Amino acid sequence: MTTIQSALEDELKRQSFFKTLSLFDWLWSLIIVLGTAYSYSQYSSLMDIYEKLILVSTAVSLIALGWHWKAIRQLSLAIIVLSLFGISRYVTGLADVETDFFLKFLVSSQSAIMWMSALYVMATVVYFAALFAQSDFTGKVASAMTWSATTMGFVGLMVRWRESYIVGADVGHIPVSNLYEVSILFSIITALLYLFYERRYETRALGGFVLLIISASVAFLLWYAFDRDAADIQPLVPALKSYWMKIHVPANFVGYGAFSLAAMVAVAFFIRARAEEKNSFGAVSGAIPPLDVLDDLMYKSIALGFAFFTVATILGALWAAEAWGGYWSWDPKETWALIVWLNYAAWLHMRLTKGWRGKPMAAWAIIGLFVTLFAFLGVNMFLSGLHSYGEL
Amino acid sequence: MKNSTSNQLASRRSLASVLLTFLGSMNLAITLLLAVSIAAVIGTVLQQNQPYADYIIKFGPFWFEVFNTLGLYDVYSTVWFLLILVFLVLSTTVCIYRNAPIMIREMTNYGENIQLETLKSSALSTQWTISSNADDLVHAATKLLKHNGFSARLSETKERSLVSGMKGAGSRLGYIFTHVAIVLICIGGLIDGNAALKFREMAGLLIPETQNIPANEIPEISRLGVATPAFRGNVSIPEGGQANVLFINYKDGYLVQNLPFSVELKDFRIEHYESGMPKSFESDLLIHDKRLAKPLEQTISVNHPLIYDGYSIYQASFNDGGSLIEFTSWPFSDVAADKGVINTAVGKNSAFTANDKNWILEVSDFRLFNINPSAIEGKKYENVGPSVQFKVRSNTGEAKEYLNYMLPMQREDAYFYLTGVRSSPAEEFHYFHIPVDDAGGIDRFMRFQKKLGEEAYLRDLAQNKLDPSLSLPSKESAQIVDAMVRLAMIFKSNGFEGVVSEVEANVPEDKREEVTAVYVRVLQQILGEVYVDLLVEEGVDISEGIDPLKTAFFDDATAAISAIGRYGSPLYFQLKDFEHRQASGLQITKSPGKNLVYPGCTLLILGVFLMFYAPQRRLWVFVQKAEKGAEIVLSGTAVRNNADFIKEYEIIRDQFNRVFKG
């Protein structure tokens, strides 16, 4: 064999993706598979064929995600350990939250969500502090807070899932059914998207900006819980009792989260653009990545959001066809979902076909956030329709 | 002559191509998307398809007409909205027509004619000179490209070998998919929408029915035959009943849609949560169709419809299916009447006479249970029992609505029968509390208030029972007796307000307070005496006085009686007995357009992901024989995501480096 041929052989072997996986990768995947198998064996009698498919697909997607984004392995293990711990502390009933120390202060769903809320707000402050102090260490602390907050958010939802079953076997449901629960989902998905791009673009400068919208969401859910008792677990209306909820709602929130992230990056864009025009850079504007990087990030985020939002809207239409007798009823929520979709479709057309960049696109991304917010919250608050599952 | 003809041909051709360019232009597409968005928003802020009366009240006659002409009450079916959608379809189709050939060409073209100079001068370009067999190098290059996910094609001439690689042809396909999907979805949606109904209405072939009349009385012009291609409507079937029509909400009224089969409801079941909220409900249906050997049986529930013959039958809601109601009617203001029995049903109207006038009793709803938050410790909810809702309409057409509970409810330490009244659906119910007597019924109360309307009885009582001295005929005694009787009767018909009005009408202002006090005392005396007389009639021993329970009853009864003037209905309808019948609310749809929409949706999802995540990239490896081996040039371009491609190029270049350097 010639040198070229043997060198080629070596190279091909080297590049195999599976070769790059470590022992930890394989161990972690085994844990996920075992956990899924256990859940299947325990609960298969309660699941229909679609829910079983969703369970298996979630496991496969999680493993794929963890192999490509290594931090997910640690995140998922932390969530699993803490959630199982929290669930195990419920021995007699929901009243245990008053007497058990860990439930009361750490792992009951409401405690976990309070931790999530506090950590997100603190992370916002620390990210900005890192910019002003130009301190790498402070930035790392902020990232760590964001990871912790996201962990606690997921733990909160997982334990709440179990708590809903403790309320009653017929009351239990996945906690994405009302405005309170999805506000938590929005916070943690947006944070995850941010953390992904933080690693991808190797910058913490945008953390404060994105965490601002997450803090706003946290403020909302805290007000909603304390002022309107929204944290109470309510049973589902018959129309929501479907496997569709497990896929339509999370897909929607990947969309909303990505759109919100793009809008906050657009805010950073304007700050940097002004600094570049005046050629005077401060602590914040100096740390923000250059405009073309921000442009690219906005595009990637909106593209991701748009892809998932398309999926979510279609899933919503298919669900509506099964539950309400028609895939499209021009219901206010449906209509506003279409408007959000059209808005970002137009944005993407302008970028891809006409090559628009820069300030107009950044401004458009911010306007898009308002359209998205109206579709998410405004419709529930101001308009009525079949979709009012989360009224204020 | 020839010139003018060819000029004409030239201008005609350019008109077509101008039109095509306009229709396929991005600007038009974006404008149309914007127009759809704005029109769609209007439909969300202005509640659609409400009765026209509501709009007139809301906007006033002028703006009502303006909005009506613009079609804003049914925005998504207006001609102009449909036109925007049609233009969108045309624009997208032209886009596909013009760009698909280019896309397909891009997908299949590997750029095998590219020149060495172009590759060398490209932004991403690397060169090597290797003393190795050219064939080995070509083989290695092909394998490496493939390993990185590129598809590679080899083209060889005497002078050189060129490996052309391409990745992400999918994104071109994605473009075609997404745009075809939009066309499919829009066409499917238009088929399933009520555009067809709209055109028939515009042609004068269809008029919606606006009144609530039985299905078989609805005229032909509001009916649709079984050949209607697409519709969505509702029908409510009581248990044991059948229906072969459904009702389509259309504009400010509805249309009747005939079905080629009939749907029978064998059984309806509903389960509730502790809080009274519905948990799940389902219907056992039987489809009777001449074309079937035997009827089709299936149970449907929310999220689990029945699909038959292209029709989809959904469990949408439930309501009362005509429960049988037995009322005991107690006269309030008509003293001549006795208590009676009325047998009716939910949805039925019964006529009755009272006070020499004709009235109509319209029973609208019956609820088997009412769950309220419980005041009792430890219990979260309590069931206060059945209730019935009905309207009582006078011969002038005015009506008040009532909500009567079958069982008494506890308020503080006593029990009451609650009867709610309201004058319009927008109001809350105001409740009258009828106190319950020792026997657990309302006999005593009814006798009490009846007696207060009997003039002869009151006169007799006032004269004999109140003050022996009054039985002496004298002008003053007569006046006092008159006053007592009059006050009692005013109180019964108009309550304390009646007494106050009486004072204001007949007494000068400075004496009013004094006289009112006197009147109230007198009234209390006569009321008390009537009550005592009542108790004696019952057989109660009052020699030791009246116990607190009966005193409390007196207070509650007078409070209730003082309000009877505002009750409205001449009779109190006590819910005595019932037979509960349920009806299942079904939604039936026919949507052939979904055969276009669903594939369109699949294409859309595939296309979107392909376009974003499979962007097209090209790599070339140019191998040319040199003196001591071969000269190799590696070069690449990407249409989009250039920053990402640069990183990818560098990785591949490093791979080539390692292989070539050995």
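The values are calculated or read from the model by the stated rules, or taken from the named source; none is laboratory data. These numbers were taken from a predicted model, which means no experiment stands behind them. Note that we place each Cβ from the backbone using ideal geometry, even for glycine, and neighbour counts take in every protein chain shown. In case anyone asks, the SASA skips ligands and DNA or RNA and just uses the protein heavy atoms, side chains included. Shrake-Rupley method; radii C 1.70, N 1.55, O 1.52, S 1.80 Å.
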- Task: Determine the total buried accessible area between chain A and chain B, counting protein heavy atoms only with a 1.4 Å probe; round to the nearest 100 Å².
- Result: 5000 Å²
- Task: Give, ordered by residue number, each residue of region B:271-311 whose 1.4 Å probe accessible area is reduced by a minimum of 40 Å² on adding the remaining protein chains to the chain alone.
- Result: B:273, B:277, B:279, B:302, B:303
- Query: In 10 Å bins starting at 0, how do the alpha-carbon pair distances of region A:299-367 split up by percent?
  - Reply: 19, 44, 24, 11, 1
- Task: On each of the three principal axes of the Cα atoms of region B:398-463, give max minus min coordinate, whole Å, ordered largest first.
- Result: 48, 34, 18
- Which whole number gives the average, over all residues in B:89-100, of C-beta atoms from other chains lying within 10 Å of the residue C-beta? 0
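Could you order B:647, B:625 so the one with the most accessible surface comes first? Probe is 1.4 Å.
Working: B:647 120, B:625 155 Å².
Heavy-atom accessible area, descending, gives B:625, B:647.
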- Item | Cα-based convex hull, region A:200-272, per residue volume (Å³, whole number) | 127 Å³
- Item | FRET E, pair residue B:509, residue B:555, Förster distance 35 Å, beta-carbon r, rounded to 0.05 | 0.70
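Remind me, what semi-axes does the protein assembly as shown give for its equivalent ellipsoid, largest first in whole Å, using sqrt of 5 times each Cα gyration tensor eigenvalue? Intermediate values should be presented prior to the final figure.
Values: eigenvalues 1113, 262, 151 Å².
Three semi-axes, in Å: 75, 36, 28.
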- Item | Stokes-Einstein diffusion coefficient of region B:447-573, Kirkwood radius over Cα pairs, 20 °C, 1.002 mPa s, in µm²/s | 138 µm²/s
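With a 1.4 Å probe and every protein chain left in place, work out the accessible area per residue of region B:447-573 in Å², rounded to a whole number.
On the way: 6820 Å² over 127 residues.
About 54 Å² of surface per residue is accessible.
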- Item | Computed over chain A: relative contact order in percent, which uses C-alpha pairs under 8 Å that are six or more apart | 13 percent
- Volume per residue of the C-alpha convex hull in region A:1-85, rounded to whole Å³: 123 Å³
- How much accessible surface area, in Å² rounded to 10, belongs to the heavy atoms of residue B:338 with a 1.4 Å probe? 120 Å²
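Considering every Cα-Cα pair within chain A, what fraction, in whole percent, is farther apart than 36 Å? Walk me through the numbers before you get to the answer.
Details: 21593 of 76636 pairs.
Percentage above 36 Å: 28.
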- Per-selection metrics, region A:110-164 (Cα): Rg and Dmax in Å: 13.2, 45
- Going by a 1.4 Å probe on protein heavy atoms, which residues of region B:642-662 end up with at least 50 Å² less accessible surface in the whole assembly than in their chain alone? B:658, B:659
- Note on the structure: Note: residue A:363 to residue A:24 extended length (0.36 nm per residue) minus current alpha-carbon separation gives 117.7 nm
- Query: Per residue of B:178-184, what is the mean number of Cβ atoms on other protein chains within 10 angstrom of that residue's Cβ?
  - Reply: 1
- Item | By accessible area with a 1.4 Å probe, ligands and nucleic acids excluded, highest first: order of B:147, B:304 | B:304, B:147
- Query: Which GluC sites (Glu not before Pro) from region B:281-357 combine a DSSP loop assignment with at most 11 other Cβ atoms within 10 Å?
  - Reply: none
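Dividing the convex hull volume of the alpha carbon atoms of chain B by its residue count, what do you get in Å³ per residue? Walk me through the numbers on the way to the answer.
Values: hull volume 223.8 nm³, N = 662.
So the per-residue Cα hull volume is 338 Å³.
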- In nm, give the distance between the simple-model label positions of residue A:271 and residue B:22, each being 7 Å from the Cα along the Cα-to-Cβ direction. 4.8 nm
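Dipole of region B:447-573, Cα-centred, from +1 at each Lys and Arg C-beta and -1 at each Asp and Glu C-beta, to the nearest 20 debye?
Values: 13 positive and 22 negative charges, 72 e Å.
Charge dipole, region B:447-573, about its Cα centre: 340 debye, nearest 20.
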- Label points 7 Å out from Cα along the Cβ direction at residue A:96 and residue B:365: separation in nm? 4.2 nm
- Which three semi-axes in whole Å describe the equivalent ellipsoid of region A:266-340, each the square root of 5 times a Cα gyration tensor eigenvalue, listed largest first? 42, 11, 7
- Task: Calculate, for residue B:493 and residue B:377, the FRET efficiency according to 1/(1 + (r/R0)^6) with r their C-beta to C-beta distance and R0 51 Å; round to the nearest 0.05.
- Result: 0.75
- Item | region B:266-342: translational diffusion in µm²/s, Stokes-Einstein, Kirkwood Rh over Cα pairs, 37 °C, 0.692 mPa s | 200 µm²/s
- Given the C-alpha centroids of region A:221-240 and region B:67-133, what is the distance between them in whole angstrom? 46 Å
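At 0.36 nm per residue, minus the direct Cα-Cα distance, what do residue B:135 and residue B:275 gain on full extension? Give it in nm, one decimal, please.
42.4 nm
Which number do you get for Rg(Cα) / (2.2 N^0.38 Å) in region A:201-327? Before the final figure, lay out each step's value.
On the way: Rg = 19.3 Å, N = 127, 2.2 N^0.38 = 13.9 Å.
In units of the 2.2 N^0.38 Å rule of thumb, it is 1.40.
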- Query: So what is Rg over Rh here for region B:122-229, counting just Cα atoms and using Kirkwood for Rh?
  - Reply: 1.55
- Message: Suppose each label sits 7 Å from its Cα in the direction of the beta carbon; what would the residue B:518-residue B:120 distance come out to in nanometres?
- Response: 12.9 nm
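Please give the peptides B:351-364, B:246-259 ranked by average Cβ packing (other Cβ atoms within 10 Å per residue), highest first, as a rough proxy for protection. Write out the running numbers ahead of the final one.
Working: B:351-364: 15.4, B:246-259: 20.1.
Averaged packing, sorted descending, gives the order B:246-259, B:351-364.
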- Task: Express the carbon and sulfur contribution to the solvent-accessible surface of chain B as a percent, rounded to the nearest whole number, probe 1.4 angstrom.
- Result: 56 percent
- At a Förster radius of 22 Å, what calculated FRET efficiency corresponds to the Cβ-Cβ distance of residue A:3 and residue B:646, to the nearest 0.05? 0.15
